[in-house]
1. By how many degrees, 0 to 90 and rounded to 10, does the Cα axis of helix A:173-184 deviate from the longest principal axis of chain A?
2. According to a simple spin-label model (label point 7 Å from Cα along Cα-to-Cβ), what is the distance in nm between residue B:56 and residue B:124?
3. Just to verify a number: FRET efficiency for residue A:287 and residue A:153, C-beta to C-beta distance, R0 = 35 Å, to 0.05?
4. Could you give the angle, 0 to 90 degrees to the nearest 10, between helix A:229-238's Cα long axis and the longest principal axis of the Cα atoms of chain A?
5. Calculated FRET efficiency, residue A:55 and residue A:118, Cβ-Cβ r, R0 25 Å, to nearest 0.05?
6. What is the Rg over Rh value, at two decimals, for the protein assembly as shown, using alpha-carbon atoms and the Kirkwood definition of Rh?
7. Any idea what the relative contact order of the range A:48-157 is, in percent, if you count C-alpha pairs under 8 Å spaced at least 6 apart?
8. Using r as the Cβ-Cβ distance of residue A:138 and residue A:96, and R0 as 22 Å, what FRET efficiency do you calculate, to the nearest 0.05?
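Throughout, read-outs are computed from the coordinates displayed, never taken from laboratory work. As the structure is a computational prediction, the values presented were derived from the model and not from experiment. A quick note on method: Cβ atoms are made from the backbone with ideal geometry, for glycine too, and the neighbour counts reach across all protein chains shown.
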């Protein structure tokens, strides 16, 4: 039974006819050869979110980002003129990793006047220029100006920092974000500075976790033991239907808009006792913060539904922003490590707490998020294990899984375009949808 | 507290370098009553839980939960839940950024109550069903 209207074509999926309605293969999530092509075709040339401007508040603030899917590490730093810069994290002398502490594979953050290599003491300004070489006169035909740090394209949108590892990106960040970016512009992301940052290595292909959070068809079932019993039965019987789906052309970006009956719930007995007492839960604190949310950007709640609860934006390839109606948001980043492994990062952003009550409510939302994500992550490992058996190769997707269809389709198109351009033999049979 | 002299004994070299300060430690310890209250007086009824559960980070609270029995978590829950509103009213009168030590401990005890609420209210087991060895570390924790 349909509770919310669907497009005239009869389904969300058929509204985007290029996606088709057939079964899909998950060979793209288990083939090591295909994964190598994804690194080249997608991660070495797409705009990748690496953080927010609040992480680099003043001149000299920096952080590093490991980008295993592009086989590099990147330094992001606030330069003297206030602009953001990004560099490959490699010393021009003998290739040592420039910025790290204790563990070469781990990310670091801090503040400095210049970068000094641990190995032979070469120093670089915040703008990447080499300014000091130990025993410079021992080198041959040497000019420091010839050895700056290797720059990486960096830009920001609404305070989110993106890098692009292509020598010359085919489009600017603004062009890449397109209609989705303009639709979300103006949301007070910058005022929600109280963050809870989670991280885990998940033994599943990166696209599988994006799939899991791009459909809520699973929610009433996988998470039914998270709800009070009577509510779990009701939720499972109702199932899940989104208010709206949007696929933004061939950008790879998409969004799903969802109703939100829990914040606050119509009937307090629907939720657990601690949620009733604290007025908070999975959907966040029930009461809005002191941030003006009266004029939401046009991209939010696109169906204009009065029961709107949250919108989840999948920003191709590996970034998600989830905006909750009560006035907070979440981000997810999925960093591929291997065909069957990725680093998952989830971050919750709230308005700074005004008092202890606000803070405890945030704690309940954060702890609840963790419980759900643990179930999701572990289930993906179970999926990855069985996909690898190749016992089944054709999987049906329902209309509420249209964004999963889109992600795999766009990723495949990018890989095929790269493969053709570079005369690389076919890795996956069949045409991308 | 009574363990302090022993610990000191384990570090003879350092102790030798700072004889005066070391000498002060046993004395101070001696001045404190055997059981120093961690929580504000008004919440003396929660005191038996403070040492074990008023933990600074989410990682510590979560680890404590995973190794605790359901009976112990039920005890914490049954004692703190009826006091939740009173505790928040008390804490809300204070500046969150500058909580005194006992108020901070009370806040952390409430965080532990939040942390064990799912096991007690829903699952009757310390970890979320079907989560196995999965983990999710809160590396950026707005510690109070």
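1. The answer is roughly 30 degrees.
2. So the label points at residue B:124 and residue B:56 sit 3.8 nm apart.
3. Values: r = 41 Å, r/R0 = 1.18.
With a Förster radius of 35 Å, E is 0.25.
4. On a 0 to 90 degree scale, this one is about 90.
5. On the way: r = 23 Å, r/R0 = 0.92.
E(calc), rounded to 0.05, equals 0.65.
6. Numbers: Rg = 26.5 Å, Rh = 26.4 Å.
Radius of gyration relative to Kirkwood radius: 1.00.
7. On the way: 206 pairs, mean separation 25.5, N = 110.
Averaging sequence separation for qualifying contacts and normalising by length gives 23 percent for the range A:48-157.
8. Details: r = 18 Å, r/R0 = 0.81.
After rounding to 0.05, the efficiency reads 0.75.
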